[in-house]
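Notes to accompany the following structure.
The values are calculated or read from the model by the stated rules, or taken from the named source; none is laboratory data. From a predicted model like this one, the values you see are computed outputs, not experimental measurements. Cβ coordinates were reconstructed from backbone atoms using ideal geometry, including for glycine residues, and neighbour counts include every protein chain displayed. Areas reflect the complete protein model, heavy atoms only, side chains present, ligands, DNA and RNA absent. Shrake-Rupley method; radii C 1.70, N 1.55, O 1.52, S 1.80 Å.
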Amino acid sequence: ECIDYRREDLRERLAAACPDGIDVYFDNVAGDILAAVMGNLALGARIVLCGMIDQYNRSGGPPPGPNLGPVIAARAHIHGLVVYDYYDRRDEFAAEAGAWHRDGLIRAREDVTDGLENAPEAFCRLMRGENVGKALVRVAETG
């Protein structure tokens with residue numbers, strides 16, 4: 001496929017040309033083209049960042065969003081991770097981490113808010129990043 005990004009809807013054309021997503025992408029531009037590609041990646045896709053032409057002549061500083069320049073300079077690797085990739089090892093993890101917790105090697109931190117009526121404020125604190133550890137709302141005393 002060949003796409004004229006100046007005359008066609010890039011996102012639409014990428015989705016049509018790569019209905020299963022993009023497997024490999026070499027980027028020397030960044031900007032809108034990289035953003036369009038990022039929205040249509042296949043599972044396990046590989047991206048090589050080589051340049052950022054979109055930013056070289058930009059006045060007013062870099063565009064909003066993450067600056068990937070340091071990734072290029074450091075020749076860094078970024079790898080996506082989703083817990084479901086290791087779901088088959090869940091029982092193994094639960095046994096090991098449970099033992100670590102029982103032995104005091106790891107401790108759970110909880111931010112407990114009392115009362116269901118206080119749940120909205122607890123949620124707002126969570127969204128603002130003001131909690132420490134797992135955010136919980138205790139609706140009633142147990143035992």
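Structure values in brief
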| item | result |
| --- | --- |
| 15 Å beta-carbon shell around ALA97, net charge (K/R +1, D/E -1) | +2 |
| Magnitude of the charge dipole, the range 76-143, Cβ model with Lys/Arg +1 and Asp/Glu -1, debye to 20 | 160 |
| Solvent-accessible area, 1.4 Å probe, carbon plus sulfur percent, for the chain | 55 |
| Accessible area per residue in Å² at 1.4 Å probe, computed on the range 100-143 | 87 |
| Net charge of Cβ neighbours under 12 Å - reference ILE3; Lys, Arg +1; Asp, Glu -1 | -1 |
| Rounded if a/c under 1.5, otherwise prolate or oblate - the range 68-143, Cα gyration tensor axes | oblate |
| Whole-number D in µm² s⁻¹ for the chain, Kirkwood Cα-pair radius fed into Stokes-Einstein, 10 °C, 1.306 mPa s | 79 |
| Lys/Arg +1, Asp/Glu -1 at C-beta; the chain dipole; positive extreme among VAL71, TYR25, TYR86 | VAL71 |
| For the chain: relative contact order, % (alpha-carbon pairs under 8 angstrom, 6 or more apart) | 14 |
| Among 6-15, 103-112, the order from most to least packed when residues are scored by Cβ within 10 Å on average | 6-15, 103-112 |
| Phi-based couplings in Hz for the range 2-14 (Karplus 6.51, -1.76, 1.60; Gly and Pro marked x) | 10, 10, 8, 5, 7, 10, 10, 6, 4, 4, 4, 5, 4 |
